[in-house]
Amino acid sequence: MDDFKRPSADSGDDKAGGKAERFSRSGFIFAAIGSSVGLGNMWKFPYITGLYGGAAFFLLFTICLLLIGIPVLLAEMAIGRGGRGSPAVALVRLSGQKIWGGFGLLSIIGAFFIMSFYAVVAGWTLHYGVLTFSRALGEGTDFAGEFFDFIGGFLPVMWQLVVMLITGWIVLRGASGIEKFNKILIPSLVVILLFLMVRVLMLDGAGAGVEFFLKPDFSKLTNESVLVALGHAFFSLSLGMGTMLTYGAYMDRQQSLGSAALAVGGGDLLYALLAGLIIFPTTFAFGIEPGQGPGLAFIALPAAFSAMPAGWLFGGLFFILLAIAALTSCVSLLEVPVAYSMDRWRWGRPKATIVTSVLCFLVGIPSAISVGGAVGGLHWGPRSFFDWTDFIASNIILPLGGLIVTVFVGYVWRDAGREAGLTAGWFIVWLFILRYVAPLLIVLVFLHSSGILKF
Ligand code: TRP
């Protein structure tokens, strides 16, 4: 039990290797925005928005993010900072009950699974960045054929390795390295995003895309779209896998958790908005349907960009944007098992990083080669290995992790209010959401996304 005793406030000895790692105040915000802004915003969000009705879906997503996402985000951050530890120890320290260590296990399994297919798609973005900048894609290209040839081969494994090497190299540097990396990349991301948005909005026909994205048609709303929007709000804010908890453990004690959670949630939402203002005008200007599914970012958009003057430049920038967003999220995903093994087994950071990176890479290989069918037989039932890991991580482990966080803060941890530092009024609202609203909705999302119930 000694392992789990709460350290005296910031004694600095609560990590293996002596001195505890810390973010600066802005460092946390940058790192957490880096985690939340990712392929979810640029790759999943556009195609589910296209699928579930455009602007009405975006509105739902916004409501879910503000009403449920940010309160759960705050709960994860509070657990991390209050328990001063990774998911392996934080909940156990705060409750004094070993059973909560199960959350740690769940979170590393979840983070491993997400990382395994996430690094594969991150690799695609690097490949497409190189292709576009080298002007290998042009007007005569068969974009769908190009994409399926690529993912049907073994090249994605090489790119997945590159992603793992970059991610591991950053995580090896610890909290301060992660902070530095995000402080360079997030501002670059914003500059590229704004530049692309201005260019795209000047295209002829861009207005129809803006309208599709921002003018809601409520007749398109279904029960299903509500649950998909909530599930995506969780994915987009990196909840349920201990990512924000792990980053929260590196936060300064004096920093206001409430405003940090608002900044991160607001940043993620703003990014989704700007990404939508790039993707929909581009597709509409070139007469492409946005509800195309996962191929949207790798087939429809490269085709659209290549039809623009200096398309290689804009298309290339688009993939750099995607790659940056993906890498900053990969770093936060890898940090979960790394911090876990440092806390739980007292490994040093180098050992923890190398072992988990190698494992993540190996677990990801079947994903890389199954999605495009390079190797037959990696299909079970309706899904490839890639789709199964996405399904199990995003639709089963993620809601389960989110539920544990809400129940823990809502019912078990008595000091949560003090750690969160909210005013009395906000605290009541927060607790109400965590006790009654969020668990109920999360259970519904789980029943729906796991396929147990049809709505
Ligand atoms: N939020 C990231 C995105 O939108 C992905 C991500 C990073 C994530 N860490 C996570 C998703 C933890 C779920 C849980 O792309």
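When only C-alpha pairs under 8 Å and at least 6 residues apart count, what is the relative contact order of the stretch 269-363, in percent? Can you show the working numbers first?
On the way: 37 pairs, mean separation 13.0, N = 95.
This gives 14 percent for the stretch 269-363.
For the stretch 86-165, what is the accessible area per residue in Å², given a 1.4 Å probe and the full set of protein chains? Don't jump to the answer; show the numbers that get you there.
Working: 2970 Å² over 80 residues.
I get 37 Å² per residue for the stretch 86-165.
Could I have the simple spin-label model distance between Q254 and L201, label points 7 Å from Cα toward Cβ, reported in nm to one decimal?
About 3.9 nm separates the two model spin labels.
Where the accessible area of the chain is counted over protein heavy atoms with a 1.4 Å probe, how much of it, in %, is carbon and sulfur? Could you put the intermediate results ahead of the total?
Values: 11440 of 16740 Å².
For the chain, the apolar C and S fraction of the accessible surface comes to 68 percent.
So what is the relative contact order for the chain, in percent, with contacts set as C-alpha pairs under 8 Å and at least six apart?
Numbers: 750 pairs, mean separation 154.5, N = 455.
Relative contact order comes out at 34 percent.
Expressed in nm to one decimal, what extension gain is obtained for the pair R25 and L194 from 0.36 nm per residue of sequence separation less their Cα-Cα distance? Please list the in-between numbers first.
On the way: separation 169, 0.36 × 169 = 60.84 nm, distance 2.53 nm.
Full extension of this stretch gives 58.3 nm more.
At 0.36 nm per residue, minus the direct Cα-Cα distance, what do R414 and E211 gain on full extension? Give it in nm, one decimal, please. Mind dumping the intermediate values first?
Details: separation 203, 0.36 × 203 = 73.08 nm, distance 4.69 nm.
Gain on extension, R414 to E211, equals 68.4 nm.
Mind checking the per residue accessible area of the stretch 356-435 for me, 1.4 Å probe, whole number of Å²?
On the way: 3580 Å² over 80 residues.
Averaged over the residues of the stretch 356-435, the accessible area is 45 Å².
Could I have the simple spin-label model distance between A310 and V443, label points 7 Å from Cα toward Cβ, reported in nm to one decimal?
For the pair A310/V443, the computed spacing is 5.6 nm.
Hey, if you drop one equal point scatterer on each alpha-carbon of the chain and run the Debye formula without solvent, what base-10 log of I(q)/I(0) do you get at q = 0.06, 0.12 Å⁻¹?
Evaluating at q = 0.06, 0.12 Å⁻¹ gives log10 I(q)/I(0) of -0.24, -0.98.
Please compute the Kirkwood hydrodynamic radius of the stretch 19-116 from all pairs of different C-alpha atoms, in Å with one decimal. Write out the running numbers ahead of the final one.
Values: mean 1/r = 0.0631 Å⁻¹.
Roughly 15.8 Å, rounded to one decimal.
Please sort by residue number the chymotrypsin sites (Phe, Trp or Tyr not before Pro) in the stretch 341-405 whose DSSP state is loop and whose Cβ has at most 14 other Cβ atoms within 10 Å.
Values: sites: W345, W347, F361, W380, F385, F386, W388, F391; in loops: W345, W347.
The qualifying sites are W345.
For V443, what accessible surface area do you get with a 1.4 Å probe? Give it in Å², rounded to 10.
Counting only protein heavy atoms, V443 exposes about 60 Å² to solvent.
What dipole magnitude, in Debye to the nearest 20, does the chain give about its Cα centre under +1 on Lys/Arg Cβ and -1 on Asp/Glu Cβ? Show your work: numbers first, answer last.
Numbers: 28 positive and 25 negative charges, 270 e Å.
Once rounded to the nearest 20, the dipole reads 1300 debye.
Which of the three applies to the stretch 189-336, rounded, prolate or oblate, going by the alpha-carbon gyration tensor with a ≥ b ≥ c and a/c under 1.5 meaning rounded? Could the numbers behind the result be given before it?
Numbers: a/c = 2.12, a/b = 1.54, b/c = 1.38.
Prolate shape, in that a/c is at least 1.5 and a/b is the bigger ratio.
Treating the beta-carbon of each Lys and Arg as +1 and of each Asp and Glu as -1, no other charges, what is the dipole magnitude of the stretch 135-242 about its Cα centre, to the nearest 20 debye? Each step should come with its number before you reach the end.
Numbers: 7 positive and 9 negative charges, 122 e Å.
Once rounded to the nearest 20, the dipole reads 580 debye.
Test of the criteria: in the stretch 117-176, which chymotrypsin sites (Phe, Trp or Tyr not before Pro) are in a DSSP loop and have at most 13 other Cβ atoms within 10 angstrom of their Cβ?
Numbers: sites: F117, Y118, W124, Y128, F133, F143, F147, F148, F150, F154, W159, W169; in loops: F154.
Counting only loop positions with at most 13 other Cβ atoms within 10 Å, the chymotrypsin sites (Phe, Trp or Tyr not before Pro) in the stretch 117-176 are F154.
If each residue of separation counts as 0.36 nm, what is the full-extension length gain between K98 and L67 once their alpha-carbon separation is subtracted? Mind dumping the intermediate values first?
On the way: separation 31, 0.36 × 31 = 11.16 nm, distance 3.10 nm.
8.1 nm is the gain from fully extending K98 to L67.
If each of E139 and I428 carries a label point 7 Å out from its Cα toward its Cβ, how far apart are those two points in nm?
6.6 nm
With θ set to phi - 60°, apply the Karplus curve 6.51 cos²θ - 1.76 cosθ + 1.60 along the stretch 85-91 and write out the HN-Hα couplings as whole Hz, x wherever there is a Gly or Pro.
Values per residue, Gly and Pro as x: x, 6, x, 5, 10, 4, 5 Hz.
What is the distance in Å between the Cα centroid of the stretch 105-164 and that of the stretch 237-298?
20 Å
Roll a 1.4 Å probe over the protein chains and send me the accessible area per residue for the stretch 195-275 in Å². Numbers along the way, then the final one.
Values: 2970 Å² over 81 residues.
Ligands and nucleic acids excluded, the figure is 37 Å² per residue.
Dipole of the chain (Lys/Arg Cβ +1, Asp/Glu Cβ -1, origin at the Cα centre): which of L327, V171, G381 lies farthest to the positive side?
Farthest towards the positive end: V171.
Just need log10 I(q)/I(0) for the stretch 291-384 at q = 0.10, 0.11, 0.20, 0.26 Å⁻¹, Debye formula, equal scatterers on the alpha-carbon atoms, no solvent, rounded to two decimals.
-0.46, -0.55, -1.03, -1.18
The values are calculated or read from the model by the stated rules, or taken from the named source; none is laboratory data. In this text the structure is predicted, and so the values were computed from the model without any measurement. FYI the Cβ positions are ideal-geometry reconstructions off the backbone, even for glycines, and counts take in every protein chain you see. Surface accessibility is based on the protein's heavy atoms, side chains included, excluding ligands, DNA and RNA. Shrake-Rupley method; radii C 1.70, N 1.55, O 1.52, S 1.80 Å.
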